[in-house]
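Structure first, then comments.
The values are calculated or read from the model by the stated rules, or taken from the named source; none is laboratory data. Bear in mind that the values here come from a model prediction, so they are computed numbers and not experimental data. Cβ placement follows ideal geometry from the backbone for every residue including glycine, while neighbour counts extend to all protein chains displayed. Areas reflect the complete protein model, heavy atoms only, side chains present, ligands, DNA and RNA absent. Shrake-Rupley method; radii C 1.70, N 1.55, O 1.52, S 1.80 Å.
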Amino acid sequence: MTEPVAKPAPFRFGVSQFTTTPWSFEQDIEEYARLGVDTVEVCEFKLDAGRDRAGEQLSLIPEAGLEISSVQPAVRTLYPSRTQPHPENLDERMDRFRDAIELAAPFARSVPFVCNTGPSPKGNVRDAIETAARKYRALADFAGTHGVKIALEPLNPVLMNVESAIWTLAQAMRVVEAVDRENFGVCVDNWNIWQNENVVEEIKGCGDRIFVAQVSDWKTPRSFADRHVVGEGEIPTAALLRAIHETGYQGPYTLEIFSDEVSDSLWDDDLSKVIQDSRNGLEDAWKAMAELQR
């Protein structure tokens, strides 16, 4: 069995349960703790359908010495998307999001719940964004009564018209400004935004509204879910870390890897090694970031 590795001092390291999709919820928590992971992004799809049983699962996280960094509801897109097609009705979808908040909030005070717009119906991006502002304002108010936050995530252009109607941080921040709630911010996923024009300036423009920071690496994708170990692709991670850090963000950096419909899926690999290798890559990027600041 691989021995646990020491926690890196400069930052907190988290892992999204999407990264370890083949594992059970319980195995996630056991292995993350053994590997010295600091925080976990909870994915609702891994929780038992029974509310009492789901509560028992969530209680395992602090018992293992971990913290919840963010939550991914099972239905998190405003509009039906490729991965979340049902229910089709917008109000029902928001109700499902509210259900996720009610379930996890007692275990995740002040934690952000991640949302995406989903693809705009009939290509009407303007209407989708205007609708998002209205729906998310109400959702943020509901989240506020439960002591949690909402983080809007712009997705990579490869996911346009599939999972998202927005693809830049600047677009996401316009929605944040329209929602106008202190508990509504953004999720900065390096895989999604690294190709944005003027990305460093866009990150800095987010200021204190960065609620979630996610890492992985990019090689030209072969499917909608084809991410890589940090440091083994093209993303200029050090430069993006520097920009995020300079906004004052002090939260964890969460490894989120999807690896589906590819012949060499990381989900079929040694996932403990994927986590360790990614943390090593993140540590290297952090050291390089320090050099950039000199």
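One residue is enough: does the range 122-132 have a residue meeting the conditions free of Cβ contacts under 8 Å to residues at least 12 places away in the same chain and not in a helix (DSSP H, G or I)? Yes, there is a match, as at least one residue in the range 122-132 is free of Cβ contacts under 8 Å to residues at least 12 places away in the same chain and not in a helix (DSSP H, G or I). Residues in the range 211-228 that are touching a strand residue (DSSP E or B) at 6+ places or on another chain (Cβ under 6 Å) and either more than 28 Å from residue 21 (Cβ to Cβ) or crowded, with 23+ Cβ neighbours inside 10 Å (or both): 211, 212, 213, 214, 215.
One line per residue, one yes/no per condition, for (1) modelled with pLDDT of 95 or more; (2) open to solvent by 10 Å² or more (accessible area, probe 1.4 Å); (3) touching a His at 6+ places or on another chain (Cβ under 9 Å); (4) farther than 16 Å from residue 144 by Cα:
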{"site": "101", "(1), (2), (3), (4)": "yes, no, yes, no"}
{"site": "105", "(1), (2), (3), (4)": "yes, no, yes, no"}
{"site": "108", "(1), (2), (3), (4)": "yes, no, no, no"}
{"site": "114", "(1), (2), (3), (4)": "yes, no, no, no"}
{"site": "125", "(1), (2), (3), (4)": "yes, yes, no, yes"}
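Once the range 60-88 is narrowed to residues that are without any contact (Cβ under 8 Å) to a residue 24 or more places away in the chain and in a loop (DSSP other than H, G, I, E, B), the residue that is farthest from residue 31 (Cα to Cα) is 88. Checking each residue in the range 140-192 for being farther than 26 Å from residue 102 by Cβ, touching a residue at least 40 places away in the same chain (Cβ under 8 Å) and among the aliphatic types (A, V, I, L, M) picks out 158, 159, 160, 162, 165, 166, 188.
Of the helices (runs of 4 or more DSSP H) that lie entirely inside the range 198-294, those containing 1 or more residues that are closer than 27 Å to residue 66 by Cα and of a type in the set (Asp, Glu) span 237-246, 271-292. Scanning the range 211-234 for residues that are touching a helix residue (DSSP H, G or I) at 6+ places or on another chain (Cβ under 8 Å) and more than 22 Å from residue 112 (Cβ to Cβ) yields 217, 218, 221, 224, 228, 229, 231, 232.
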